[in-house]
Amino acid sequence: MTAAHIAHNSDVWLHLATGRDFVSGKYSLGHDPYSYTGADRYWVNANWLTDIVSYQIWKQSPSGSTLVLLKAILFAGRLPSYSGSASRTPPRGPGA
């Protein structure tokens, strides 16, 4: 169960805080409210929707167990796309 463990890195808390602030109206796209040195630079948050969804899930289950379960289910759903990929013959280019 590779995906069924609690994340202990700070990115989880950054994403949850971003989701919380977005939902409460304290965050707007384009600036990083958590950076002192980069406050004047444009910040592209490519994960804003995931941040919101993750926060909403975490808010219902603050222990994090629901997020871990969801991550494990999503990971398990991707496994079929990885099976057999190593046994495929790479395409041959022109003149090969």
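Bear in mind that the values in this text are calculations on the coordinates, not laboratory data. As the structure is a prediction and not an experimental result, all values here were calculated from the model. Cβ: placed from backbone, ideal geometry, glycine included. Neighbour counts: every protein chain shown.
Remark: the stretch 52-69, residue by residue, has Karplus-estimated 3J(HN,Hα) of 5, 5, 4, 5, 4, 5, 5, 4, 6, 9, x, 5, x, 5, 5, 5, 5, 4 Hz, where x stands for each Gly or Pro and the curve is 6.51 cos²θ - 1.76 cosθ + 1.60 at θ = phi - 60°. A cut-off of 5 Å between modelled amide H atoms, ignoring neighbours fewer than 5 places along the same chain, links His31 with Trp43.
Using DSSP to define loop residues, name the chymotrypsin sites (Phe, Trp or Tyr not before Pro) in the stretch 18-60 whose beta-carbon has at most 11 other beta-carbon atoms within 10 Å.
Loop-located and lightly packed - Tyr36, Tyr42.
Going by a ≥ b ≥ c, the root eigenvalues of the Cα gyration tensor, does the stretch 10-78 fall in the rounded group (a/c under 1.5), the prolate group (a/b larger than b/c) or the oblate group? In terms of gyration-tensor shape, prolate. Among Ala72, Thr18, Thr50, which residue has its Cα furthest toward the positive end of the charge dipole of the stretch 10-78, with +1 on Lys/Arg Cβ and -1 on Asp/Glu Cβ? Ranked along the dipole, the leading option is Ala72.
The distance between label points at Leu29 and Val53 comes to 1.6 nm (points 7 Å beyond Cα on the Cα→Cβ vector).
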